[in-house]
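Engineer: The structure that follows is given in the form of structure tokens.
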């Protein structure tokens, strides 16, 4: 038992193990994540509807959605994509969760001009071409390693039409300052989130100060198997994200504190990058 506990407590190298797809493709977890997306009582997977509406209002005022070609990366159950389409945009929604895309196709369609939803991994699959606007909302860039982020930023840049813009948000260094290294443990930890059956789970939180990265490492122990999920988060300053965008070939880079949210969250800032 000591060796097993020591092994799951060891600090991994930064981004040395990547399991992000597990949260969205494991059948039980995919159901849980969809539930969190739709639950107005938690912000674990998406913002409340009122906040989503304010972000979409800001995007529409800033860039004009009517008639625009828009791609929503990590669209989930279509909370943003449907709102873009309601304002007249021609919308593609991409997500690698079949569960979320199925929900979007069933519940977030319109009588005409519905978004086109596609199951896709935006790191490896082709993005729609000649897009006027591409969005990646709710800090979805942050789970990616710097190399993965650079791949995505380059793909986005190539997919934008001349004059197109990429709108996204990231976790700030203020958010990183609040990260504390902790260990927690429990039976059916997080109210049964990790399995429909009986289980024990450990959560180790690590800080990587030199890289401005945090890790929540979950070890789930079921009767017949033990498995892990590594939830990495990269935190950004305006200088670091600007440098990554410039490397990917973007031109003008501007920032927004909250995309019209009042008050804005100091732990998150918005980015507008022009092709």
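Engineer: Tell me which label goes with the value of Cα extents along the principal axes in Å computed from the coordinates here: (1) 48, 41, 35; (2) 61, 42, 36; (3) 52, 42, 34.
Structural biologist: After the calculation, the listed value that fits is (2).
Engineer: What nm distance separates the two modelled labels at residue 14 and residue 63, each placed 7 Å from Cα along Cα→Cβ?
Structural biologist: 2.9 nm
Engineer: Once you put a point 7 Å from the Cα of residue 36 and another 7 Å from the Cα of residue 130, both along the Cβ direction, what distance in nm separates them?
Structural biologist: Computed distance between label sites residue 36 and residue 130 equals 3.9 nm.
Engineer: For the chain, what does the helix formula give at 222 nm: sum of -39500 (n - 2.57) over DSSP H segments with n ≥ 4, over the residue count, nearest 500 deg cm²/dmol?
Structural biologist: The per-residue figure over the chain is -9500 deg cm²/dmol.
Engineer: So for the chain: antiparallel DSSP bridges make up what percent, rounded to the nearest 5?
Structural biologist: Here the share of antiparallel DSSP bridges comes out near 65 percent.
Engineer: Semi-axes of the equivalent ellipsoid for the range 56-185, please: Cα gyration tensor eigenvalues, times 5, square-rooted, ordered largest first, whole Å.
Structural biologist: 26, 18, 15
Engineer: If I take all pairs of Cα atoms in the range 109-250, what percentage of them are more than 23 Å from each other?
Structural biologist: So the portion of pairs separated by more than 23 Å is 51 percent.
Engineer: In addition: GNM, the chain, Cα, under 10 Å: largest mean-square fluctuation among 163, 210, 192?
Structural biologist: Result: 210 has the largest fluctuation of those listed.
Engineer: Which distance in nm do the two modelled labels at residue 158 and residue 180 give, with both placed 7 Å along the Cα-to-Cβ direction?
Structural biologist: Using points 7 Å along Cα→Cβ, the separation is 4.5 nm.
Engineer: For the range 1-77, take N as its residue count and report Rg(C-alpha) divided by 2.2 N^0.38 Å.
Structural biologist: The range 1-77 yields a ratio of 1.64.
Engineer: What is the calculated FRET efficiency for residue 106 to residue 2, with r their C-beta to C-beta distance and R₀ = 51 Å, to the nearest 0.05?
Structural biologist: Working from the Cβ atoms, E equals 0.55.
Engineer: If I stretch the segment between residue 200 and residue 188 completely, what's the gain in nm (0.36 nm per residue apart, minus their alpha carbon distance), one decimal?
Structural biologist: Full extension of this stretch gives 3.8 nm more.
Engineer: Calculate the FRET efficiency for residue 118 and residue 247 from the Cβ-Cβ distance with a Förster distance of 22 Å, rounded to the nearest 0.05.
Structural biologist: Plugging the Cβ-Cβ distance into 1/(1 + (r/R0)^6) gives 0.20.
Engineer: Could I ask something else about it? Please work out the C-alpha center-to-center distance from the range 109-164 to the range 1-47 and express it in whole Å.
Structural biologist: 23 Å
Quick note: the coordinates plus some simple rules give every number you see, no bench work behind them. Quantities reported herein were computed from a predicted structural model and do not represent experimental measurements. Cβ sites come from the backbone with ideal geometry, for glycine too, and all protein chains shown count toward neighbours.
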